[in-house]
Structure formats: structure tokens, C-alpha cells
Amino acid sequence: MKSRLLDSERRRFPGSVMGGLVVLGALALTGAVSADTTSSYLLYRNPLSMTLAGGGAQTNCADPTILKSETAGDSYWYAYCTSDSLSDDDVDANGVRRFHTLPGSRSLDLIHWESIGDAFPVNPSWVVPGAGLWAPEIVRRNGKYYLYYVATDVVDSVSGEPGCNSDNAIGVATSNSLAGPWVDSGAPVVAPRRAGGGCNFFWTYDPDVLVTSGASYLYYGSYYGGIETRALSSDGLSADPSTAVPIAIGNRYEGANVIQKDNYYYLFASASNCCNGPLTGYQIFTGRSASPTGPFVDALGLSFLDSAVGGTPFLTMNGNRWVGGGHNSVFKDAAGEWWSAYHAIDRNSPYFAGSVGYTRRPMLLDHVTWTAGWPEVRNGLGASDTRQLAPRAQPTIWSTKTTAVSAIFGFDPQAFLLSLDVLDTSTLALVASATDELNAGALGSAWSWVRQPATGVIMTGSGLQMPTQAADLNGNSNNASIALLAAPTANYMVETKVTLDVPPSGCCFNYVQAGLVAYANDDDYIKLVSASIWETCQTEFAKEISNPAPGFPAYGTSVGGPPGPTTWLRIAKVTKSGVDYYVSFSSRDGASWVRGGTWTHALGSAARIGLVAMGGSGFNANFDYVRTYALPAY
């Protein structure tokens, strides 16, 4: 399929090949794209091309931030990344990985990047030597450039608590050029934030700055303590703690990025595990507000501060090679089109060579589209792994059109995801052998159990009630009960409606959960559940594999749309070109569905579908029905 697609591109668009990219001459486009007889088009393919100063490819650029220079005579775009190792052979004479302190790059076309070195030769004086400098943010303000960053460990005089190593803070440096040199301010913009006595500090990570015509705002924070914002001082070097406003509840989001478009401020934030190799479920959600200080709400009207935490998917796993897409930088190109630069992980090559377990996160770029005031990556297709039209990086070269990608290529291997979004179950046939309204006095003969519970399971006449167990299906903890039905061998979608009676707010009922599984065995399954996670309720979508390669993970998880006290869950299983895709959906009303992530898995023809209620005792899950629909071939 891939070779035929590329052959088709070459046939339709003869052009010269430059470094894996294609520059296309004048194209006569039809349909929604008007003819263009003056511009050339640059095609690119993720990941972006990055070159090290000494030659060779830079294959790692986590947490990227991007900004175009406004300095006279400088037409470059600049990017900075989290301090890290940059390539497979970036090791010293002893084989120990080198770390670069906020490495920078520049580009004229936003596709080819060349290294400009590290922002700092050594850590600033107020930061512990050897501490990490993470998640840079570059902005222009007051006629100069600011580089904000995370310091993972500060000196005792700054934290006020000797001997701590979790006293993270936000720092800033300034320069007259995006290429540097950068002069650090000498003190944190946001000092370590105490979460209790001793060495207990909230996670003060991931700075982002929104510059408005009035005040400017600094966003920061992560899972522990949530995300908040403060007003920046006029010189950009401090942020008064008294101005702090919470933006997102704890234990859900990090990596905030806020932009202004039309009459709204849009928050992009990343969720789940950033760095779990091929099973990384990191992804980006969005909300919007009429104010830069929130509250930010999603397309369903749910706040990022709610316990059933809000968030509309912006970039989720789509089943191609890219997983863990997150921590993005959203910006406009020279044509006024929106783009998202972010890191992701190639699940086929997730680690640095010779360093299994050390996740590599190259920089990707994709077009941001807007529908009814809400952004998506490529109209919901997600991270691209085929040739795409490049941004218009400069006013005079290379042009893009809003709808050109679909008009030119017409096909994307992940396009079947969009057809799943508009499925009308009234037009689908139920699979009788895998459907049960659960309104009889007992489970029928089609059901079987793995570790049938001795007591507690009740048929209420309007559903199946299962008490939550202090048990799990994770690693070696394979002791949860599973009620199973045979799954169709062809494409299908299974749906259930589950009410889980954990309190809707408060902490903590970790990790009580109930929902669906697509199950081959205790170590090979897909799981979609409504779950209680610290002070939040979330929809969790997980995958476990048996016998991973040495040093590779067996279990990975992502999160989806917000659950309710009652949550409708769907798993769609689609086989396409020999690959089995499992796509997650959730709903709070059974009518409006949110598509979450997509895992691939090889569960085999004997896989079954089932129900679980586990993660902690003391609660009940009531399943109203299990309905399985036959899906067409894709």
C-alpha cells in the first residue's frame, strides 16, 4: 500500500526530489482547491529533517517550541528542545549519553533544521549542576526574546529546603537574537511551590507564555498540582504568586500551550505517560475560554477543572507508526495557516540504539484544521506518516492551501477513522452471539468467566451488577474476574453502558475502574474503562502484550473523553491490510461520542469481548447491556 501510494504521488506530480522531499511545479488543482500557476509546493514527510552541527542526523527533539525571528536580516525560524541526548551515537568515550542543555536549531522552510548549539554551556548558577533543563518556551516581548524553561532541581538557597531534589522551578533567559547568546536572569520566575512540609513540592514544569495586547501570562504545572497561570511582570522576569489562577485539575494534564484565535483563547495540554517506548499513550487535548485565565472548557462544555476532567481530543494515536504525540507548539506560518510542532515516538524504533528503555522523541509537524471553532490535527486524521504539503515558511516561497492535502492525495491510510466517527448504529446489524441486553434472571450460556467471583454478581433485571474487586489485569497482577462473550472474527464494534458508583469528586479511590475488554489472555488484551485516578474520573484506554522484548514495556495506557456517573463505552475492531486496529469511543449521554486513541494488537481469532470491574473494592459497576455490531470491511 505504501509503495503504491508513493508511486501515485510521483505519477501525478512530476518534480525534483530534494533530500526526501519533492518540490512541485505549477499545479492545476480542481474542486475545493483553486488553480495556482505561480507557486511551487514543497512536500515533506515526518519526522522533520534535523542536522547536527558536526554532521549527522539529530533524531531527538522533545517538547519543541518554535518561533520565527523578527530581527532585521534574520529570516530563520528557531526551535529549542528539552535537554537530552540527540542521536544514537551521542555518547562519550565511555559510552555514557551526552546531554545538551536546551539544544537549538534553525530553519528557513520549517522542514530542514540545522543545529545552532545549546542555549547554555552550563546550568545557571541558581540551578543545581547536572539538573535537567526541560520544556523550553521562546517568545518575543519588549523588543527582545525570552527563553523560559524548567529547572528540575534548584540550589538550597532558592528552595529554602536543603537536600531536596524535587524542588523544580521556572527560569528565564533573554537575548537580542533567537540564536543567542542567552543571558539568564539569575533567579526563578516561578519558585518551587510547596505541597506540604519537607521535600514535597508541586511539579512546576512546562512553561508557556501568552503575550497579549494587555497583560502577558505564564502557564506552568503538571500532574502533581495541576496547571495554573500567573500574570508576568512588565519585564517578563517574575510572576506574582498572588495572581495565580488554576487552569487544569491535577493528575491529568501537563505541557500547556495557549494561543489566541478570533474571540477565544485555546489551551492545548498533554495527558498520559510521555515516555513509555512503543506503548506510550501520550496525546493532546484542547479547550477554549473567552479569557486567558479560563475557565477552559471542551466542546461538550466541560471544564478542565472538573473532576470528570474536560478535554476535546486534538491529537490522539491513529494506529500508524507514531505513538505518544504530545507537548506541542502551535503557530501560524507566513500564509496565516496554523501548524502544530510536537514530539512523537516511532513504535517500530522507539529507543536510541544501544540504549533500550531510553525513549527517543523526534520532532513532527502537521497542519491544524478548524471545524466549528475547534482545532484538530489534519481534520482528525492525526499524526501524518505520508507525504504532506509543507507550510509556507516565508512570504515568497512555497504555498499551501487549507484543503490541499486531501485534494491532492485523496487517501490517507488512517482515513477509516473518520468513517467510524459517523457510524449510525441503527443501520448496523447486531451480532446476536455477542449481544445481551442483560435483562434476564441470569447470564446466558453464551457467557463464560475467567476467575468467576464466588459472590456479589447480581442480575438486577435491568443490568448486570459487578462489585469492584481489589484485583487487576496488569503485569503479574492477573487476578481480576472477567465475564466473556465470543467476539466476531470480522470487523465489529462492541458497546456497553456502565454506571460506576465511585464518588464524582474527591480523592482518592485509585484505581477503581469498570468497562470493556477485548481479551485473548491475561497478558494480551485491550481495555477501555471508566476509572477513578486520584482526584479525577477519566476514561482509560490500555493495551498489554505478552513477552515483550527485553527492556520493553508490556503495558501502556492512554486516556479519552470525559466519563460521567454513567458512561457509554465502545471499542471498534477493524482489520485493514492485515493489521488489527482497536479504536476507542466514549460518551456521557449515549448520543454524542468522543473518539479517543487507537491501539494496534494481534489478539488472534480466538479473542473474546468482556466486562471487568476491578482496581479496588467497595464499589459497584452496573452494566445495562452489551451490544456488538457488525462493521463493514474498510
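Could you tell me which residue of segment 229-279 is surrounded by the fewest Cβ atoms within 10 Å (Cβ to Cβ), considering only residues that are of a type in the set (Lys, Arg) and assigned to a strand (DSSP E or B)?
LYS261
Give the residues of segment 573-592 that are surrounded by fewer than 23 Cβ atoms within 10 Å (Cβ to Cβ) and of a type in the set (A, V, I, L, M, F, W, C), sorted by residue number.
Result: VAL579, ALA591.
Tell me the residue from ASN318, ASN328 that is more than 17 Å from ASN257 (Cα to Cα), crowded, with 21+ Cβ neighbours inside 10 Å and of a type outside the set (Phe, Trp, Tyr), please.
Among ASN318, ASN328, only ASN318 is more than 17 Å from ASN257 (Cα to Cα), crowded, with 21+ Cβ neighbours inside 10 Å and of a type outside the set (Phe, Trp, Tyr).
I'd like to check which strands (runs of 3 or more DSSP E) are fully inside segment 31-78 and have at least 1 residues that are at pLDDT below 95, buried (at least 18 other Cβ atoms within 10 Å of the Cβ) and out of contact with any His (no Cβ under 6 Å at 6 or more places or on another chain).
Answer list for segment 31-78: 41-44.
From the residues in segment 200-228 that are aromatic (Phe, Trp, Tyr), within 25 Å of GLU161 (Cα to Cα) and in contact with a Ser or Thr (Cβ under 7 Å, 6 or more places away or on another chain), which one is surrounded by the most Cβ atoms within 10 Å (Cβ to Cβ)?
Filtering segment 200-228 for residues that are aromatic (Phe, Trp, Tyr), within 25 Å of GLU161 (Cα to Cα) and in contact with a Ser or Thr (Cβ under 7 Å, 6 or more places away or on another chain), the one surrounded by the most Cβ atoms within 10 Å (Cβ to Cβ) comes out as TYR220.
Among the strands (runs of 3 or more DSSP E) lying completely within segment 520-603, list those that include at least 3 residues that are aliphatic (A, V, I, L, M).
524-533, 566-576
Every residue, every condition in (1) in contact with a Lys or Arg (Cβ under 6 Å, 6 or more places away or on another chain); (2) under 30 Å from GLY226 (Cα atoms); (3) of a type outside the set (D, E, K, R), yes or no:
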| residue | (1), (2), (3) |
| --- | --- |
| TYR492 | yes, no, yes |
| GLN513 | no, yes, yes |
| ASN521 | no, no, yes |
| ASP524 | no, no, no |
| LYS543 | no, yes, no |
| PRO562 | no, yes, yes |
| ARG570 | no, yes, no |
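Kindly list, by first and then second residue, each pair from a residue in segment 42-58 that is over 27 Å from ASP412 (Cα atoms) to a residue that is charged (D, E, K, R), limited to pairs with Cβ atoms under 7 Å and residues at least 6 apart or on different chains.
Going by the 7 Å Cβ cut-off, the qualifying pairs are THR51/GLU114.
Name, by its number, the condition in (1) in contact (Cβ under 8 Å) with a residue 60 or more places away in the chain; (2) over 18 Å from THR82 (Cβ atoms); (3) not in a loop (DSSP other than H, G, I, E, B) that does not hold for VAL209.
With respect to (1) in contact (Cβ under 8 Å) with a residue 60 or more places away in the chain; (2) over 18 Å from THR82 (Cβ atoms); (3) not in a loop (DSSP other than H, G, I, E, B), VAL209 is out only on (2).
Which condition number in (1) assigned to a loop (DSSP other than H, G, I, E, B); (2) more than 24 Å from ALA606 (Cβ to Cβ); (3) small (Gly, Ala, Ser); (4) touching a strand residue (DSSP E or B) at 6+ places or on another chain (Cβ under 9 Å) is the one that ALA514 fails?
The one condition ALA514 does not meet is (1).
The values are calculated or read from the model by the stated rules, or taken from the named source; none is laboratory data. Worth saying up front: this structure is predicted, and the values here are computed from it rather than measured. Positions of Cβ are backbone-derived with ideal geometry, glycine not excepted, and every protein chain shown enters the neighbour counts.
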